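Here is the structure we will look at, set down as structure tokens.
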Amino acid sequence: MKSTIFNIQSTEDFNKTALLVFKHQFTNNKVYRSFCDLIYVHPSDVNTIEQIPFLPIQFFKTREVLSSTDEIQETFTSSGTTGSTTSKHLVTDLSWYETSYLKGFEYFYGNIEDYVVLALLPNYLERKGSSLIYMVDDLIKLSKHPESGFYLNNLDELAQKLTHLDSQGKKVLLIGVSFALLDLVEQYEFNLSNTIIMETGGMKGRRKELIRNELHAILSNGFGVNEIHSEYGMTELLSQGYSKGNGLFNCPPWMQILTRDTEDALTILLKGKSGGINVIDLANYNSCSFIATQDLGKVYQDNSFEIIGRFDNSDIRGCNLMVL
């Protein structure tokens, strides 16, 4: 199944494979099966991906969401706020994650060996269990560049490195959490022409929240680049969407975004309408591939999507099964 999923070539391939994965997870995932039973959905009733039930993402905080009986190799955890319950993604086969992020990067950006990878992810480095750190650490190693590496508080060294590498004409990827990238451009001036700046979000508790346009305008000006790239991922997923600067994200072929009605969580909306973000991530074969997130967004006709906000707890309506 892994080969089938990571070699999807068309919408028809995706839909056919997604239905097979749904049947597999309905049969083998106790938490997901219970959820499907509670809303009276059986595989015999499901003929399209829109009819597949999406498991509320909160279940990763309270249940072991597994479709495999194999030994757990890694537990990825969300950062969470002080006192809050964190999500746990139990991974029984890390090769699924490694294949997903490497093929996903290649799909959008080409060979990782073409880049020097610099990472400014202080809040992630300071805790255990980050799937983002696992991915970036591996991409740094796979880049095979001695200059690639992580930076924590040594912004002066990072600023010098960025300027030096860019002036040499080397392709650089700087991936960073939003507040740390802002810290960097407030202290140093850049005029980069060979560097991709990719923000991963992350302002909670560190800075005043900014809307994306404001954040990207500040970063574009500070780094001297035309566009700011973004990564869309989360602890509960093994795949990422990427934006190359216009606020619109795209998914690799084994991942797709749908939107649900904010008043009726079980109803999928037509493209072009804003709603709750539902993710199909077929790389989650051993956990759950069908997840209803707490993000709000819109999907366009070409399957690109944008994130326009988040539910707060008071906004989650239409499905009392959200907090089972």
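Let a ≥ b ≥ c be the square roots of the eigenvalues of the Cα gyration tensor of the range 4-160; is it rounded (a/c under 1.5), or, if not, prolate (a/b larger than b/c) or oblate? It comes out oblate by the Cα gyration axes.
With both residues required to sit in the range 159-258, DSSP beta bridges show an antiparallel share near 40%. If I fit a long axis through the Cα atoms of helix 94-109 and take the longest principal axis of the Cα atoms of the chain, what angle between them do I get, 0 to 90°, rounded to 10? The angle comes out near 60 degrees. Among residues other than Val46 with Cβ under 14 Å from its Cβ, the summed charge is 0 (Lys and Arg +1, Asp and Glu -1). Using only helices, what value at 222 nm comes out for the chain when you add -39,500 (n - 2.57) per DSSP H run of length 4 or more and divide by the total residues, to the nearest 500 deg cm²/dmol? After summing the helix terms and dividing by residue count, I get -9500 deg cm²/dmol. If I compute solvent accessible area with a 1.4 Å probe over the protein chains, what percent of it on the chain is carbon and sulfur? In the chain, the share of accessible area belonging to carbon and sulfur is 46 percent. Pairwise Cα distances in the range 49-118 exceed 16 Å in 66 percent of cases.
In the context of the full set of protein chains, residues of the range 154-273 present 45 Å² of accessible surface per residue (probe radius 1.4 Å, heavy atoms only). When all protein chains stay in place and ligands, DNA and RNA are ignored, the 1.4 Å accessible-area order of Cys288, Cys251, largest first, is Cys251, Cys288. Accessible-area rank, largest first, for Arg63, Arg260: Arg63, Arg260, with all protein chains present and a 1.4 angstrom probe. Values of log10 I(q)/I(0) for the range 178-287 across q = 0.14, 0.21 Å⁻¹ run -0.70, -1.16, by the Debye formula with one identical scatterer at each alpha carbon and no solvent. With kT/(6 pi eta Rh) evaluated at 37 °C and eta = 0.692 mPa s, and Rh the Kirkwood radius from Cα pairs, the chain diffuses with a coefficient of 160 µm²/s according to Stokes-Einstein. Only beta bridges with both residues in the chain are counted; by DSSP, about 60 percent of them are antiparallel.
Taking each of Lys103/Lys161; Lys103/Lys144; Lys2/Lys271; Lys61/Lys141 in turn, the alpha-carbon distance tops 24 angstrom for Lys103/Lys161; Lys2/Lys271; Lys61/Lys141. For the options Tyr107, Tyr242, Tyr285, a Gaussian network treatment of the chain with springs between C-alpha atoms closer than 10 Å singles out Tyr107 as fluctuating the most.
Calculated on the alpha-carbon coordinates, the convex hull of the range 157-236 measures out at 101 cubic angstrom per residue.
The values are calculated or read from the model by the stated rules, or taken from the named source; none is laboratory data. Bear in mind the structure is a predicted one, so any value in this text is a computation, not a measurement. Here the Cβ is made from the backbone with ideal geometry for all residues, glycine too, and neighbour counts use every protein chain on show. Surface accessibility is based on the protein's heavy atoms, side chains included, excluding ligands, DNA and RNA. Shrake-Rupley method; radii C 1.70, N 1.55, O 1.52, S 1.80 Å.
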